[in-house]
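The values are calculated or read from the model by the stated rules, or taken from the named source; none is laboratory data. Given the structure is predicted, the values throughout are model-derived calculations rather than measurements. Using ideal geometry, Cβ is built from the backbone for each residue, glycine included, and neighbour counts are taken over all protein chains shown.
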Amino acid sequence: MEKRWVFKHVPQAQNIESLSQAININASLAALLIQRGINTFEEARDFFRPSLENLHDPYLMKDMDKAVSRLCEAMDNEEKILVYGDYDVDGTTSVTLVYGFLSNYYENLEFYIPDRYKEGYGISKTGIDWAHENGFSLIISLDCGIKSLNEIAYASELGIDFIICDHHKPGDTLPAACAVLDPKRADCNYPYKELSGCGVGFKLLQALCIDLGLEDELLFSFLDLLAVSIASDIVPITGENRILTYQGLKVLNESPRPGMKALMDISGVSKELTINNIVFGLGPRINAAGRIAHAKHAVHLLIAKDQDEADLLAEKDK
Ligand SMILES: [Mn+2]
């Protein structure tokens, strides 16, 4: 493969001098940082110490207010809520995050992952019919939905509302859902555009926590799923994704959930887990469930609370 080298400009001497003094590093390192857009003490601090305090306000995302108020209405009225995700790693980690978090506060909740071979990618008519037959009136779609205009219109005829959490580029028309969360919407002013599908689901939960006055701590214990989604979906590890990945790796290394621990053991990760271990070890194993059998097994593995159960489920996915 032919490589095309893109050379970065050498920064101005006075900028190198001022950054190297501000953070007490040598000129070569300061030049490398400036070439990566880090010019000040504050920017360097945020780069070296990625902090959850620097996450963006979730309410900057278009439709977030509508999404939270529909979700709260559903919970107040004890409606049946379906968490619907795609069958790849981003989809199954998103479903584990949203289903796993909400189930701590709300019981009338189930999840659904379409069958890769029978239903294909995205929202399926089969899935909507299943939701209708089982009395669901709200579907939260994760990592899919932005292009499912017909399916979402069909659901609406059956009295089922949608909250879409997607990160794919929308077409010319948006689906007629109650709320369409997607930073790539042309009219969305959210400052960071490269979130994974799981990242958009995380923003919805972050907004819900603010609205209901819930502590962030429980939500942050789910950050391992964000790190796995970001690494496996190959979205850039910049900005907010870098904070989520850094903190997610910490959760994976310090207090992994049983399902992740089981996958780490099977992948032979003995030392500190890195992004490479996720991309080549954990991610493919989570993906395998959807290819060999059904991706719902990956969610069962990731939500397992008991280590013996998780070890057994992971053996199956081997
Ligand atoms: Mn995705």
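Would you say GLY145 is small (Gly, Ala, Ser), in contact with a strand residue (DSSP E or B) (Cβ under 6 Å, 6 or more places away or on another chain) and buried (at least 17 other Cβ atoms within 10 Å of the Cβ)? Spelling it out, GLY145 is indeed small (Gly, Ala, Ser), in contact with a strand residue (DSSP E or B) (Cβ under 6 Å, 6 or more places away or on another chain) and buried (at least 17 other Cβ atoms within 10 Å of the Cβ). When LEU273 is tested against (1) assigned to a helix (DSSP H, G or I); (2) free of Cβ contacts under 8 Å to residues at least 40 places away in the same chain, exactly one condition is not met: (1).
For LYS62, indicate whether it is in a loop (DSSP other than H, G, I, E, B) and touching a residue at least 60 places away in the same chain (Cβ under 8 Å). Spelling it out, LYS62 is indeed in a loop (DSSP other than H, G, I, E, B) and touching a residue at least 60 places away in the same chain (Cβ under 8 Å).
Of the residues making up the range 157-213, those that are acidic (Asp, Glu) and either more than 12 Å from the ligand (Cβ to nearest atom) or surrounded by fewer than 20 Cβ atoms within 10 Å (Cβ to Cβ) (or both) are GLU157, ASP161, ASP172, ASP187, GLU194, ASP211.
What residue, of GLU78, GLU43, GLU17, is among the acidic types (Asp, Glu) and under 25 Å from the mean Cα position of the chain (by Cα)? When all the criteria are applied, what remains is GLU43. Condition test on ASP182, is it touching an Asp or Glu at 6+ places or on another chain (Cβ under 6 Å) and at pLDDT 95 or above? Yes; evaluated as a whole, the condition is true for this residue. For PRO256, indicate whether it is free of Cβ contacts under 8 Å to residues at least 60 places away in the same chain, touching a helix residue (DSSP H, G or I) at 6+ places or on another chain (Cβ under 9 Å), assigned by TED's automatic domain parsing to the domain that holds CYS209 and in a loop (DSSP other than H, G, I, E, B). In short, no.
Residues that are among the hydroxyl-bearing types (Ser, Thr, Tyr) and surrounded by 15 or more Cβ atoms within 10 Å (Cβ to Cβ) within the range 106-120 comprise just one, TYR112. For the range 214-247, filtering for residues that are more than 16 Å from the ligand (Cβ to nearest atom) and either assigned to a helix (DSSP H, G or I) or surrounded by fewer than 18 Cβ atoms within 10 Å (Cβ to Cβ) (or both) leaves 16. Consider the range 81-110 and keep the residues that are outside any helix (DSSP H, G or I) and among the small types (Gly, Ala, Ser). The one that is farthest from the ligand (Cβ to nearest atom) is SER103.
If you check SER255 against the conditions, is it hydroxyl-bearing (Ser, Thr, Tyr) and either closer than 26 Å to GLY145 by Cβ or in contact with a Leu (Cβ under 7 Å, 6 or more places away or on another chain) (or both)? Criteria not met by SER255.
Can you find a residue in the range 302-317 that is surrounded by 21 or more Cβ atoms within 10 Å (Cβ to Cβ), β-branched (Val, Ile, Thr) and outside the structural domain of LEU142 (by TED's automatic domain parsing)? No, the range 302-317 has no match at all. For the range 220-229, the criterion of being out of contact with any helix residue (DSSP H, G or I) (no Cβ under 6 Å at 6 or more places or on another chain) and either over 30 Å from MET75 (Cβ atoms) or without any contact (Cβ under 8 Å) to a residue 40 or more places away in the chain (or both) is met by at least one residue.
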